[in-house]
Amino acid sequence: MCGALRSADAGRKAVLMGWVNRRRDLGSLIFIDLRDRTGLTQIVVNKELNPAVHQKAELLRNEYVIAVIGTVKQRDPETFNKNIPTGEIELVVGELRILNDAKQPPFLPSDTVLPHEEMRLKYRYIDLRRDAMQFNIEMRHKVSKAIRDYLSAQGFFEIETPFMTRSTPEGARDYLVPSRVQPGSFYALPQSPQMFKQILMISGFDKYYQIVRCFRDEDLRADRQPEFTQIDLEMTYPQPESVWAVVEGFLQAAFRAAGHEILGQPSDEKKVQDVDDILNSRTRTEFLRMSYDEAIRRYGNDKPDLRLPPIVDVREGLSPEEVDELAMKFRMRKELPIQLIRIPKAGDISGTERRTIGTYGAYQHVGGPNFVQLMTDPRRFGKDLPAVSEKVVKFAEVDPQDLWLLAGALNKPEIAAVMDQSLQHFCEKCGFLRLDLAQKYAEKHGAFKKTGDSAMDYRFLWVTDFPMFEWDKDERRWNPAHHPFTSLHEEDMAKLEANIDSVRDPKSPLGEIRALAYDVVLNGTELGSGSIRIHRQDIQRKIFQALGMTDEEARARFGFFMEALEYGTPPHGGIALGLDRIVMILAGAESLREVIPFPKTARAVDLMVDAPTPVSDAQLRELGITVKKS
Ligand code: ASP
């Protein structure tokens, strides 16, 4: 291969095949950088030694595919190329065969300036020849393999599930496939193998996984693709911790494959469980854990980025009188948190800049300023309320170098009346502001820069106890926050029963019911979600009822599944993680398109094959479909 030869091979004969990466014609000498996926080797064609080959080499152009036979020659030290591993040798050609010529490509794999992304996607086969893409795709292979090896060693079977199936309830729009044999009927491409993997537990496979494509017709963002790959798994008799231990194990293997040690070496001590652990089949895990409620309160979102300090509710460090004083001074509602947001080492900004805080970014977009009241001038705060300000600074452990501000809910009754000033909404807006500031001052705090210490660079977290239901503003109804097969906390069962017919009531205590659902989060990005499932048919029926489905509707959509639950279903649970996202992070790539060989654009178009396309009338007729022209 073109990356293989070293000084030790000098004098040996070698055959190389590959692409002409670059050709330099110095008259009597022609140099060719020959490329394959392993690297480059310099090929030399000498007119005096071999005039016939030299003549042939003059025909070569970029991206021609050639085979050469030659002798490996040690280069003179002053001509070493330190940038490539084969840089100390070259191959002196004896024979050259042109296996194929190439048109002048729209861009070259060796170009240092990237062409427009549309061009890269249209000529993806050329784009994929680039070093960076070869690296990413190799990384993807290594990561998937490490995960497969780990899970197989843990006793998981990789089992395939159908792509042509029926709608699964992950909450997105389905991609449909029309049936020719039964005109008017459609398969849906799976949004996930959720029901199948649960059925596999009912079928006795105990531990299942699959690295599997999922299809969701959603509005696309930079980190979404209409088809994407999940590491999907399910197991029987788990506590949440048993699922977490498996995930931590395969993530450790995946990160190791990419050269990062994210956990300490597992010591023997950790392997020994105490009796309680065994009885409760609790497995020890290492990632930090945080409840959903705490995440919302302290980070303002359900995927906290732990690389920057949490938000502090300063009321907790003040007496009631001081809270009154503070709230009054800045017209903040004292019933809701008064949040101190702190960005380390970003303190030295001008007064003008300080005044623009809150006028940019996602915080604006989510309507933050509509009812969040900001105090962005600590100096004025210190002058106006010296005692309170001193206490606040101490309580929140603010350093003089830090940029910090207070955010409270604007205390205006007329606003409180029209705005949803719930704790959750308020905290979320503060969370957006925190992230906006973190982005804006990234250079100053440096917390997003890699240090080389993987334990610091990759901050993992389990977010637990998600709500079971979430209010859908557009549909004006409660929907499952995860999916309807998620178990709830046993203690919340009574609440479910008492409110089983309140799917249209935004104030329903359904919103307080907690699920045995969890997310794994890395540096503020959600890597995956899972849950312990409902394994009893009666409870499953109640959930469908709470979601406003009649028995008939539930039977029509999930009949086969409801029936399966009746035939001896073991307790089970699992999770699914986004493989594309994990590889993207490991490859240090900016977009999922950099780690998916043949991705789609933001408009869900494959520019290389040009899909989707209209189909012939004959095909439509066969399917019994008429397209309405708008
Ligand atoms: N099917 C779920 C999802 O795709 C994951 C799970 O619950 O295992 O989000």
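Please treat every number below as a calculation from the coordinates, not as lab data. The structure displayed is predicted, hence computed values, not measured ones. Neighbour counts run over all protein chains shown; Cβ positions are idealised from the backbone, glycine included.
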Which residues qualify? For Ile89, with a placed amide H closer than 5 Å and at least 5 residues away or on another chain, they are Arg75
Selected from Met290, Thr626, Phe371, residue furthest toward positive end of dipole (the chain; charges at beta carbon): Thr626
Positive-end residue of Ser242, Leu433, His54, charge dipole of the chain with Cβ unit charges: His54
Value at 222 nm in deg cm²/dmol, rounded to 500, when DSSP H runs of n ≥ 4 in the chain each add -39,500 (n - 2.57): -9000 deg cm²/dmol
Give me the one-decimal Kirkwood hydrodynamic radius in Å for the chain, with the sum taken over alpha-carbon pairs. 28.9 Å
Integer Hz, Karplus 6.51/-1.76/1.60 couplings in order for the stretch 291-298, x for Gly and Pro: 6, 3, 4, 5, 4, 5, 5, 8
Put a dot 7 Å past each Cα toward the Cβ at Arg331 and Gln55; how far apart are the dots in nm? 9.0 nm
Descending Cα extents along the principal axes, the stretch 413-551, whole Å: 56, 45, 24
From the backbone phi of the stretch 232-238, what are the Karplus-calculated ³J(HN,Hα) couplings (6.51 cos²θ - 1.76 cosθ + 1.60, θ = phi - 60°) in whole Hz, Gly and Pro given as x? 10, 8, 8, 8, 9, 6, x
Treat each spin label as a single point 7 Å out from the Cα along the C-beta direction, and report the Phe31 to Glu218 distance in nm. 5.0 nm
Exposure proxy check: Val44, Val521, Val312 ranked by fewest other beta carbons within 10 Å? Val44, Val312, Val521
Taking every C-alpha to C-alpha distance in the stretch 42-131 and binning by 5 Å from 0, the per-bin percentages run 3, 12, 18, 16, 18, 17, 10, 5, 1, 0
For the Phe107, Ser422 Cβ pair and Förster radius 41 Å, calculated FRET efficiency rounded to 0.05 is 0.20
With unit charges on the beta carbons (Lys and Arg positive, Asp and Glu negative) and the dipole taken about the Cα centre of the stretch 5-127, which residue among Ala67, Ile30, Ala8 sits farthest to the positive side? Ala67
So how many Å³ per residue does the convex hull of the Cα atoms of the stretch 1-56 work out to? 88 Å³
Most exposed first by the Cβ proxy, i.e. fewest other Cβ within 10 Å, how do Thr285, Thr601 rank? Thr601, Thr285
When the chain is fully extended, how far beyond the present Cα-Cα distance does Asp501 get from Ile98, taking 0.36 nm per residue of separation? 137.6 nm
Based on Cβ point charges of +1 for Lys and Arg and -1 for Asp and Glu, what charge dipole magnitude is obtained for the stretch 485-555 about its Cα centre, in debye rounded to the nearest 20? 80 debye
Tail beyond 18 Å, pair distance distribution of the stretch 194-264 (Cα, percent): 56 percent
In sequence order, what are the phi-derived ³J(HN,Hα) couplings for the stretch 204-218 according to the Karplus relation 6.51 cos²θ - 1.76 cosθ + 1.60 with θ = phi - 60°, rounded to whole Hz, with x for glycine and proline? x, 7, 6, 9, 10, 8, 7, 9, 9, 7, 10, 10, 9, 8, 10
Place a +1 charge on the Cβ of each Lys and Arg in the stretch 1-63 and a -1 charge on the Cβ of each Asp and Glu, then give the dipole magnitude about the Cα centre in debye, rounded to the nearest 20. 100 debye
For Ala153 and Val181, calculate 0.36 nm times their separation in residues minus their Cα-Cα distance, and state this gained length in nm to one decimal. 5.8 nm
Counting Lys and Arg as +1 and Asp and Glu as -1, each charge on the Cβ, what is the dipole of the stretch 379-489 about the Cα centre in debye, to the nearest 20? 400 debye
Could you order the peptides 608-615, 477-484, 145-152 from most to least packed, using the average number of other C-beta atoms within 10 Å per residue? 477-484, 145-152, 608-615
